[in-house]
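The block underneath contains the structure these notes are about, expressed in structure tokens.
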Amino acid sequence: MLPLAQISSKRIPLSQLLLPWEIARHLRQHGPLIQQVTKRDVLARYRGSYLGLLGSLVRPISMFAVYAVVFGWVFESKLGNGVHESKLDFALALFCGLIVYDFVAECIARGPMLVLANPNYVTKVVFPLEILCVSAVGAALAQLLISLIPLLGGLLIAHGAIPLTALLLPVILLPLILICLGAGWFLASLGVFVRDINTIVPVLLTILMFASAIFYSLSKVPPEFLPLFLLNPLAVAVDQARNAVLGGIAPSWPRYLLMLAIGLVAMSGGYAFFMRTKRAFADVM
């Protein structure tokens, strides 16, 4: 049974809810509880599974196989990163993009149901509901790390080495992690009051997938539309992750800092919205 965490009934000033370091300080107070909930979330994926850890690779590898055949062999798509680009290079780049997209999609898809799926935490115990989103993002990160294993293995087979810039992947993903936290808090709260949001999110995720440079490179986007794509944090993260892991190219730091600023704003806004609305959860549920 999860330990209870006492929460002050005092209303928190809005200024504290919007400051990233105050958010970090608050979440650090619940560090052991976050670890326990995240561990339970990760282990629940494999409970009763015959494949165990291998089962977590089925979905990304299946998606990779389908999309690689359709776009790489049927449509003969190319990222346009070089004249010597092979179908295997395209397949690896596609898999890298799908891994990053899967992380974001899982966080956002779970968002609307995070609070609704745990009514006991709302009505019967004193529990810091805001950590549910943190644990969901942590579990999605664990899945991402597992999915990196076949990607790096394929890179070793194809090129015999992994670029040192691959070590920058956690830095590259940081803005996305912050955005997923903010979106998770916002959707978790909104899902309590607007139940229809759970049917809209899958449609939005499909649109996001095709608008995030997963099946193509940002270099192939028409110049008149490129500024819009560069405002999409997922498209930028996919492009930078491919460059770092597959191409040995460091991120564009000015563009990265812009995405990091967007991530901090999204996280702070989502957290403030959740904390201001969570007092009404028990009345609605």
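The values are calculated or read from the model by the stated rules, or taken from the named source; none is laboratory data. Predicted, not measured: the structure shown is a model, and the values here were computed from it. So basically every Cβ, Gly included, is an ideal-geometry build from the backbone, and we count neighbours across all protein chains shown.
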(request) Would you mind stating whether P150 is modelled with pLDDT under 90 and out of contact with any helix residue (DSSP H, G or I) (no Cβ under 9 Å at 6 or more places or on another chain)? (result) no
(request) Collect the residues in region 154-189 that are over 13 Å from the mean Cα position of the chain (by Cα) and β-branched (V, I, T), keeping them in residue-number order. (result) I157, I162, T165, V171
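Among the aliphatic types (A, V, I, L, M), over 19 Å from the mean Cα position of the chain (by Cα), in a helix (DSSP H, G or I) and at pLDDT 90 or above, is that true of V192?
Considered against the rule, which asks whether it is among the aliphatic types (A, V, I, L, M), over 19 Å from the mean Cα position of the chain (by Cα), in a helix (DSSP H, G or I) and at pLDDT 90 or above, V192 comes out as yes.
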(request) Could you grab me the full set of residues in region 159-173 that are hydrophobic (A, V, I, L, M, F, W, C), surrounded by fewer than 16 Cβ atoms within 10 Å (Cβ to Cβ) and assigned to a helix (DSSP H, G or I)? (result) L164, L167, V171
(request) Can you tell me which residue within region 232-268, out of those that are more than 17 Å from the chain's Cα centre (by Cα) and part of a loop (DSSP other than H, G, I, E, B), is surrounded by the most Cβ atoms within 10 Å (Cβ to Cβ)? (result) L246
(message) So for region 177-194 (the condition being free of Cβ contacts under 8 Å to residues at least 12 places away in the same chain, of a type in the set (F, W, Y) and surrounded by fewer than 16 Cβ atoms within 10 Å (Cβ to Cβ)), does at least one residue qualify?
(response) no
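I'm checking my understanding of the structure. Among residues of region 123-141 that are more than 19 Å from P175 (Cβ to Cβ) and surrounded by 18 or more Cβ atoms within 10 Å (Cβ to Cβ), which one is modelled with the lowest pLDDT?
Per the criteria, the residue is F127.
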(request) Scan (1) closer than 30 Å to L116 by Cα; (2) of a type outside the set (V, I, T); (3) at pLDDT 90 or above for the single condition A241 breaks and write down its number. (result) (1)
(message) I'm told Y216 meets every condition in (1) in a helix (DSSP H, G or I); (2) surrounded by 14 or more Cβ atoms within 10 Å (Cβ to Cβ); (3) among the hydroxyl-bearing types (S, T, Y); (4) modelled with pLDDT under 90 except one. Can you identify the failing condition by its number?
(response) (1)
